[in-house]
Amino acid sequence: MLEGKTVIITGAASGIGEEITRQCIKENAQVIACDVNYEKLTELAASLPKSMLNIYQLDVTRYQDVMKFFTYIEEKYPDIDGLVNNAGIYLGKNILDYETEEIDNVLDVNVKGFIYCSKFFGRILITRKREGVIINMSSVSGLEGSSDAVYGLSKAAIVGLTKSCAVNFSPYIRVNAVTPTLVDTSMMNTVPDWRKAEYREHELIKKPVLPIDIANTVIFLLSEKARNYTGATFDINNGCYLR
């Protein structure tokens with residue numbers, strides 16, 4: 001489905017980002033996998049075809065670093081097609097327990113990182129009048145609320161960013177959001193048990209949502225099969241919330 005496409009994926013070294021990377025390559029995309037954790041990136045690279053993958057250590061919270069990265073992209077991958085804004089953090093804390101620096105950290109990664117990457121990606125494609133795709137990984141927490149209010153706030157912001165960028169980047173770039181429910185990754189370990197039980201109780205489909213399920217949706221949105229979707233939010237929640 002992604003033959004001939006070149007895609008940037010942030011937060012690619014683990015969890016959902018790792019699975020998106022693997023499945024994009026399986027669909028014959030060239031992937032530039034970015035993460036702040038270079039050690040994990042090299043482990044990922046060792047298990048994938050070198051001809052299909054390039055890794056880049058990137059802290060999406062650092063504006064100058066993001067700008068430098070996209071200068072590199074413009075020079076080496078002038079025909080870039082897609083951006084998956086996936087890098088994110090979840091602390092699993094009550095808002096009453098948040099310290100100032102923790103609030104800043106969550107918002108820097110989960111909101112500013114998306115803004116920075118979208119800005120520079122958008123500039124490249126619009127300047128060249130090229131068509132492309134941005135996919136923003138939000139969360140059910142951004143639609144229904146979260147036991148971690150700062151995280152929920154950050155993911156709600158991404159839904160708004162998605163709609164605004166869909167307007168600002170048209171007609172060249174399609175911009176959509178994916179809002180998964182609880183996904184079977186290490187992040188699950190920090191979600192309170194009562195919240196997990198609440199989600200599970202209301203799910204209409206009882207099969208767990210796996211990273212590959214999210215990756216499959218991302219691949220669809222990156223492909224030409226999704227050419228008429230922009231500014232949309234794709235829930236993957238087992239029917240837990242019906243909107």
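Details
- Straight Cα distances below 16 angstrom link LYS40 to the lysines LYS50, with same-chain residues fewer than 8 positions distant left out.
- Between THR71 and ASP97, the contour length at 0.36 nm per residue exceeds the alpha carbon distance by 5.4 nm.
- For a straight C-alpha distance cut-off of 19 angstrom, the lysines reachable from LYS68 (same-chain residues fewer than eight places away being disregarded) are LYS76, LYS112, LYS119.
- One chain, two ends: SER47 and ILE205. Fully extended at 0.36 nm per residue, the span grows by 53.6 nm beyond their Cα-Cα distance.
- Separation of the range 198-237 and the range 2-19, taken as the distance between their Cα centroids, equals 16 angstrom.
- As computed over the range 58-99, the Cα convex hull volume per residue (Å³): 83
- Stokes-Einstein diffusion of the range 65-142 at 10 °C, 1.306 mPa s viscosity, Kirkwood radius from Cα pairs, rounded to a whole number: 113 µm²/s.
- Protection-proxy order for peptides 6-19, 42-55, 110-123, each taking the mean of Cβ atoms within 10 Å per residue, highest first: 6-19, 110-123, 42-55
- Computed from point charges on the beta carbon alone (+1 for Lys and Arg, -1 for Asp and Glu), the dipole magnitude for the chain about its Cα centre is near 900 Debye.
- 10 Å binning of all Cα-Cα separations within the range 83-188, expressed as whole percents from 0 upward: 15, 45, 27, 11, 1
- Cα-based Rg / Dmax (Å) for the range 31-100: 15.2, 48
- Accessible area of LEU161 (1.4 Å probe, protein heavy atoms only, ligands and nucleic acids ignored): about 40 Å².
- Kirkwood's formula applied to the C-alpha pairs of the range 1-141 gives a hydrodynamic radius of 15.5 angstrom.
- Relative to the longest principal axis of the Cα atoms of the chain, helix 193-202 runs at roughly 80 degrees.
- Given charges at Cβ of Lys, Arg, Asp, Glu: the chain dipole, positive-most of GLY122, GLY92, GLY15: GLY122
- Helix 63-76 and the long axis of the chain differ in direction by around 40°, with both axes built from C-alpha atoms.
- Highest average first, the peptides 229-236, 27-34 ordered by how many other beta carbon atoms sit within 10 Å of their residues are 27-34, 229-236.
- Taking the C-alpha atoms only, the angle from helix 15-26 to the longest principal axis of the chain is near 40 degrees.
- The aspartates and glutamates within cross-link reach of LYS93, meaning a Cα-to-Cα straight distance under 20 Å and a gap of 8 or more places when in the same chain, are GLU101, GLU102, ASP104, ASP108, GLU144, ASP148, ASP184, ASP193, GLU198.
- Hull volume in cubic angstrom per residue (convex hull over the Cα atoms of the range 1-49): 59
- In plain terms, if you count all Cα to Cα distances in the chain and split them into 5 Å steps from zero, the share in each step is 1, 7, 14, 19, 21, 17, 12, 6, 2, 0, 0 percent.
- Given charges at beta-carbon only (K, R positive; D, E negative), |dipole| of the range 27-165 in Debye: 660
- The distance from the alpha carbon centre of the range 32-80 to that of the range 108-138 is 15 Å, rounded to a whole number.
The values are calculated or read from the model by the stated rules, or taken from the named source; none is laboratory data. Treat the numbers as computed from the prediction; the structure is a model and nothing was measured. All Cβ positions, even for glycine, are placed from backbone atoms using ideal geometry, and neighbour counts span all protein chains on display. SASA here: full protein model, heavy atoms, side chains in, ligands and nucleic acids out. Shrake-Rupley method; radii C 1.70, N 1.55, O 1.52, S 1.80 Å.
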